[in-house]
Structures are given as C-alpha cells and as structure tokens.
Amino acid sequence: MPDTAFTRLDTERLTIRRFRSDDLDSFVAYRADPDVARFQSWENFTRADGAAFIAEMLRQHPDTPGEWFQFAIELKSTGKMIGDCALHVFADRRTEAEIGFSLASAYQGNGYAREALAGLLDYAFSVLKKSRIEALTDARNAKSIAVLERLGFMRDAAMREPVEYKGEICSEFLYLLTRDSWRAGS
C-alpha cells in the first residue's frame, strides 16, 4: 500500500525527503557527472531528463508495488540536495524491496550514503514492514560495495552471469539484508 503521507525522514546530518521542483539544478549537476553515472542506468543526463524525473516523483509514493521511488538526500547544515536514494518494492514480492543510491562526487567519502541508507532501511523495515532488502551493484563499484557491507548486507554467493553494461562486459553482485539481521546489527 503506497505511503501517501510520506514527507521526510531525518537522520543526524541528513533529511531524506520527497523531491521538490527546486531540486532540479542540484539533481542534474550530479546526474550529469560521468563519475556518478558510471555505474548507474543513465547516461548524458539533461535538464529535460531531470525535470521529467522530478515531475514523475512528485506523483509517486513510497511502497508502490513494481515502482521505484527516489528520495532526495539533503544536507541539514546547508539545505543543499547532495544525492538521492531509492526504494523499489517488488510487484510479485511485496514484503521485499531493492534499494539504490547516488551521491554527488563532492559529498562522497563522508559517510552520507551510509547514513541516508540507514535511514531508508529503518523506514523500510519498521514503517513499511519489509522483510528483506536487496541491492545490486557492479562488481567494480568498490565504494558502493563498501557502503552495503558496512550496513550489514551480505553478498549472495550464487554466481551471476556477466552482463553487457554501457558497452562493457561486467559482473554484478547481489547483496541481501533481512529485517532480523538489520535489527540485530543496529
């Protein structure tokens, strides 16, 4: 059931909230950065892409089965949007979801991704009552792997077939976290 009342989550240094129209410039700036886009699904992100994306997020709600919902990550000390994180509730497994995240290059390496995802995981497990969360990452994305492992995600041991991604053959890792594991580790 979509969480139509959702507005924001607060962590120590961050606000995880709905996107707003005034996020467009910050959003497009980091999404257009090739270093940020390297392991993401988009390329050549434009202002038009950003405007369409934000318009779609203004219509969406968290916990809608089969849909991704992106949350803006805002730095409390400045009010600046520095990235986003996402939750995708599986249409066929509604007590399970997948997460994703992107952070502007200038804000990477400060623990913001871990903090934002910890807030999102608390919300997903406690409020939305999810039993398991997955994350899929490129095997070359050491930064994302480190964030997921610090949060207690365990890599699925099953080997995945290599995939072609942005013209390169690569491997992907599937990471899993259950509600019980999250509660035991937090």
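Nothing in this text is a laboratory measurement; each read-out follows from the coordinates by a stated rule. Computed from a prediction, not measured in an experiment: that's the story for all the values here. Glycine also receives a Cβ, built like all others from the backbone with ideal geometry; neighbour counts cover every protein chain displayed.
Projected label points at residue 143 and residue 46, each 7 Å from Cα along the beta carbon direction, are separated by 2.6 nanometres.
By the beta-carbon count within 10 Å of each Cβ, the least crowded to most crowded order of 68, 182, fewest first, is 68, 182.
Projecting label points 7 angstrom from Cα along Cα→Cβ for residue 127 and residue 4 puts them 1.6 nm apart. Name the residue, out of 79, 152, 100, whose mean-square fluctuation peaks in a Gaussian network model built on the chain with Cα pairs under 10 Å. With Cα springs under 10 Å in the chain, the top fluctuation among 79, 152, 100 is at 79. Taking other residues whose beta carbon is less than 10 angstrom from the beta carbon of residue 115, and scoring Lys, Arg as +1 and Asp, Glu as -1, yields +1. Here the gap between residue 171 and residue 184, fully extended at 0.36 nm per residue and compared with their Cα-Cα distance, gives a gain of 1.7 nm.
Taking the Kirkwood radius as the inverse of the mean 1/r across Cα pairs, report the Rg/Rh of the range 60-157. List each step's numbers first, then the result.
Details: Rg = 13.4 Å, Rh = 14.0 Å.
With Rg and the Kirkwood Rh in hand, the quotient comes to 0.96.
Rounded to the nearest 20, the size of the Cβ-charge dipole of the chain about its Cα centre is 500 debye, with Lys and Arg at +1 and Asp and Glu at -1.
Subtract the Cα-Cα distance of residue 91 and residue 155 from 0.36 nm times their separation in residues, and report this length gain in nm to one decimal.
Details: separation 64, 0.36 × 64 = 23.04 nm, distance 2.29 nm.
Gain on extension, residue 91 to residue 155, equals 20.8 nm.
Which net charge results for the neighbourhood of residue 149, defined as the other residues with beta-carbon distances under 12 angstrom from its beta-carbon, given Lys and Arg at +1 and Asp and Glu at -1? Overall, the nearby charge balance is +4.
Result for the chain in a Gaussian network model with C-alpha springs under 10 Å: among 77, 102, 26, the largest mean-square fluctuation is at 77. Calculate, in nm to one decimal, what residue 164 and residue 67 gain on full extension: separation in residues at 0.36 nm each, minus their alpha carbon distance. Full-extension gain reported as 32.5 nm. Normalising the Debye intensity of the range 1-129 to I(0), with uniform scatterers on Cα atoms only, and taking log10 at q = 0.12, 0.18, 0.20 Å⁻¹ returns -0.42, -0.98, -1.22. For the residues 78, 137, 64, a GNM of the chain with alpha-carbon springs under 10 Å puts the largest fluctuation on 78.
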